[in-house]
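Novice: Below you will find the structure I want to go over with you.
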């Protein structure tokens, strides 16, 4: 477990934690590295790619020119030899590793890092589902480590801070589940919905959600707004698991780069009032600086390139029907910035630390400057 850092008043001498990122060549890995570079409690030690990656040997800024003049760390290939040299026999201890990797890689390697005393933040789906039997159906592989799977902690930052702080392996939620669960949990946690009733989640994501690897299906010139993987998408069991309610998830791919919108429709109990719905959302998010309860339906443009989640709801009390929409940046709140939130929680910092300016953070959290 990471050692908690000093409080705000005692941060004159900062002990930086040593961190590596595995999966530095992809979209999520690049966003994550950018966020870690601006975090004053983090010292990036190594950036790693897969053993046979064509990116090996390049510098980070060469692969991602956005970071020209900011980060020129080389990209090393991950291997057993690297692990033995820099984890097992390292002179200076590594504190945390971030996996922005294929799901199978995380499933195979997470426990080795945990046993070496390294906290794992996994941005893949390798540990999101608690039922190992779901992996062949939804991810296409048998899980390599069911014992570690049982110990992994799901990391929805606004809802599971205490559990995140005490865990050695954090499964950072998927992008669609993040937006869906932020919409659903104030209702399901308070048992305002009709049990076993139909809950429908319609999600729309930009093409970066499919990753950086070239594919005709996600080529920008080929993409039109279209549903895909209906009734079989891997995020459906994840949303159901964490909402503790069965959902139908309908994902759609849209012809834009980044951003994600989830709209949830569900039936509430006959005696639930608009005031109760309002109170459920206010109680859940009034002290969460990255969740914005907006007066109008959210827009992708308002959250793209930010760590925010914008959320709006409307309740038809006569029909007992609630519709909730949540917009996020799929690469940030849906992946990289939520991983940083989990890191902050582990360090005893406010979850939005380094993601917002300290002045804004203090104002939003009600702290004195």
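Novice: How much of the DSSP bridge set in the chain is antiparallel, in percent, rounded to the nearest 5?
Specialist: Looking only at bridges with both residues in the chain, the antiparallel portion is about 45 percent.
Novice: Something else about it: So if each residue of separation counts as 0.36 nm, and I subtract the Cα-Cα distance between residue 166 and residue 150, what length gain in nm does that give?
Specialist: This chain segment gains 4.3 nm when fully extended.
Novice: How many percent of the alpha carbon pairs in region 124-176 exceed a separation of 16 Å?
Specialist: For region 124-176, the share of Cα pairs beyond 16 Å comes to 40 percent.
Novice: Which of the peptides 328-337, 53-62 is most tightly packed, and how do the rest follow, judged by the mean count of other Cβ atoms within 10 Å per residue?
Specialist: Those peptides, ordered most packed to least, come out 328-337, 53-62.
Novice: Suppose the chain between residue 273 and residue 196 were pulled fully straight at 0.36 nm per residue; how much longer would it get relative to their current alpha carbon spacing?
Specialist: Separation in residues times 0.36 nm, less the Cα-Cα distance, equals 25.7 nm.
Novice: Round to a whole angstrom and tell me the spacing of the C-alpha centers of region 335-359 and region 267-291.
Specialist: 24
Novice: Next question, about the same structure. If packing is taken as the average number of other Cβ atoms within 10 Å across a peptide's residues, how do 80-87, 304-311, 100-107 rank, most packed first?
Specialist: 100-107, 304-311, 80-87
Novice: OK, next. Note down the nm distance, to one decimal, between modelled labels 7 Å out along Cα→Cβ at residue 282 and at residue 226.
Specialist: In this crude label model, residue 282 to residue 226 measures out at 4.6 nm.
Novice: Can you tell me the equivalent ellipsoid semi-axes for region 36-122? Use √(5λ) from the Cα gyration tensor, largest first, whole Å.
Specialist: That gives 22, 16, 13 Å for the three semi-axes.
Novice: Would you mind checking the tilt of helix 27-37 against the longest principal axis of the Cα atoms of the chain, expressed as 0 to 90 degrees and rounded to 10?
Specialist: Roughly 70 degrees between the two axes.
Novice: I need to check one value: relative contact order of region 175-331, counting alpha carbon pairs closer than 8 Å and at least 6 residues apart, in percent.
Specialist: About 31 percent, as a whole number.
Novice: Hey, another quick one. Listed highest first by mean packing, meaning other Cβ atoms within 10 Å per residue, what order do 117-130, 21-34 come in?
Specialist: Packing order, densest peptide first, comes out as 21-34, 117-130.
Novice: With angles folded into 0 to 90 degrees, how steeply does helix 274-285 sit against the dominant principal axis of the chain? Use alpha carbons for both and round to 10.
Specialist: 10
Novice: Here's another thing I want to ask about it. With everything on Cα atoms, drop me the angle between helix 103-115 and the longest principal axis of the chain, reported from 0 to 90° to the nearest 10.
Specialist: With both axes taken from Cα atoms, the answer is about 60 degrees.
Novice: Next up: What is the distance in Å between the Cα centroid of region 26-78 and that of region 138-211?
Specialist: 27
Novice: Would you compute, from DSSP H runs of 4+ residues alone, the mean residue ellipticity of the chain at 222 nm, taking -39500 (n - 2.57) per run and dividing by the full residue count, rounded to the nearest 500?
Specialist: Dividing the helical sum by the residues of the chain leaves -7500 deg cm²/dmol.
Novice: Take the alpha-carbon positions of region 175-331, form their convex hull, and give its projected area averaged over all directions (one quarter of the hull surface) in nm².
Specialist: It is 9.2 nm².
Each value in this text was obtained by applying a stated rule to the coordinates, not by laboratory testing. Please read all numbers here as calculations on a predicted model, not as lab measurements. Neighbour counts are summed over all protein chains in view; Cβ atoms, including those assigned to glycine, are modelled from backbone coordinates with ideal geometry.
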